[in-house]
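Below: the structure, in structure tokens.
The values are calculated or read from the model by the stated rules, or taken from the named source; none is laboratory data. Quick caveat, the model's predicted, so the values are computed rather than measured. Cβ coordinates were reconstructed from backbone atoms using ideal geometry, including for glycine residues, and neighbour counts include every protein chain displayed.
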Amino acid sequence: MTNHTLNEKINKVTENIGHVIVGKEHDIELSLVALLVKGHVLLEGVPGVGKTMLVRALAQSIDCEFSRIQFTPDLLPSDITGVSIYQPQDHTFEFYPGPLLSHVVLADEINRTSPRTQSSLLEAMAEGSVTVDGQTHDLDDPFLVMATQNPLEFAGTYPLPEAQLDRFLFKLTMDYPSESEEVAMLKRLDGDHPIDHLAPVMTQADLLACQKEVANVHIADNVLNYIVQIVARTRSHPMVYLGVSPRGSEAIAQAAKARAFLDGRDFVLPDDVKYLMPYICGHRMILTDEATFSAIDIDAIMQEILNEIDIPMSKGMEQ
């Protein structure tokens, strides 16, 4: 199958999700970027703006197994990873997989559970496996975690640990729809919900082929240098206590390849990097107390850094 054909298939996924989700093209695009590079997404927003529906529509569009985990204060790690149960007839333990062993996992309201349970996701997100009672169980490919969280000022929420935040490729904020988008949404819901009739437009084999093609997208040395310069500046900025890790640098490069693929290109442009940078770096940075007291936010610092670093010339990037 040609690169062009695969690109058409992944773009059909975007259109398909658009039958269910109104006015969230940006969030759909970045969710597909994460899927193509085996990343994970953290979705933040108030209840009712379509976070859960976006994940369901994505899973149905790519014909993948979907599971939803509702995170609550009393949820235990074994509730999501699975348990080993003793079988007295043959004196062995049999593993019963939890909802985490799926293709597309919706971790709903992840910050309403304890840090211990939040951390149980870490191995799955980082290694593609879960360990239960000393036995490691590999997860199927593809595997995507899309976690939703309510704003931290909401009652009953726990902040995610830094190590887990670093495992998310993107942190996206879903806002309220515009008035026209909300009217369009109400018209679509006048009858059966569109999600009930959403058919897959891509197979798992097609998706895995797309992931291989993304890995072959070219990224020039000057674009890599551009990424490293931006990341280095996050580590030296006077208002930043903790800058972006090398894992963040790798995430930027891989995500830029996926965005180029979605755009039908086999090479990365600096604009890909600049566009993705805030969504990859923001949740990986911790500001100083001075910045917090001065009401300086990460978005403003990220924009300042992007304005400081010279954008490399595009000439020769197709080579």
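Looking at Val223, Val240, Val244, just one residue is aliphatic (A, V, I, L, M), closer than 19 Å to Asp299 by Cβ and more than 21 Å from the chain's Cα centre (by Cα), and that residue is Val240.
Among the candidates Ala300, Ala199, Ala295, the residue that is outside the structural domain of Lys171 (by TED's automatic domain parsing) and on the phi < 0 side of the Ramachandran plot is uniquely Ala300.
Among the residues of the range 223-243, those identified as in a helix (DSSP H, G or I), surrounded by fewer than 16 Cβ atoms within 10 Å (Cβ to Cβ) and either in contact with a strand residue (DSSP E or B) (Cβ under 6 Å, 6 or more places away or on another chain) or not small (Gly, Ala, Ser) (or both) are Asn225, Val228, Gln229, Arg235. Taking the range 244-300 as the region of interest, the helices (runs of 4 or more DSSP H) fully inside it that hold 3 or more residues being buried (at least 17 other Cβ atoms within 10 Å of the Cβ) are 246-262, 270-281.
Taken over the range 274-301, the criterion of being closer than 30 Å to Asn7 by Cβ and touching a residue at least 24 places away in the same chain (Cβ under 8 Å) is satisfied by Lys274, Leu276, Met277, Pro278, Tyr279, Ile280, Cys281, Gly282, His283, Arg284.
With respect to Ser102, determine if the residue is surrounded by fewer than 18 Cβ atoms within 10 Å (Cβ to Cβ) and among the small types (Gly, Ala, Ser). It is false that Ser102 is surrounded by fewer than 18 Cβ atoms within 10 Å (Cβ to Cβ) and among the small types (Gly, Ala, Ser). Suppose the filter is charged (D, E, K, R), more than 25 Å from Thr5 (Cβ to Cβ) and not assigned by TED's automatic domain parsing to the domain that holds His40; does Asp271 pass it? Spelling it out, Asp271 is indeed charged (D, E, K, R), more than 25 Å from Thr5 (Cβ to Cβ) and not assigned by TED's automatic domain parsing to the domain that holds His40.
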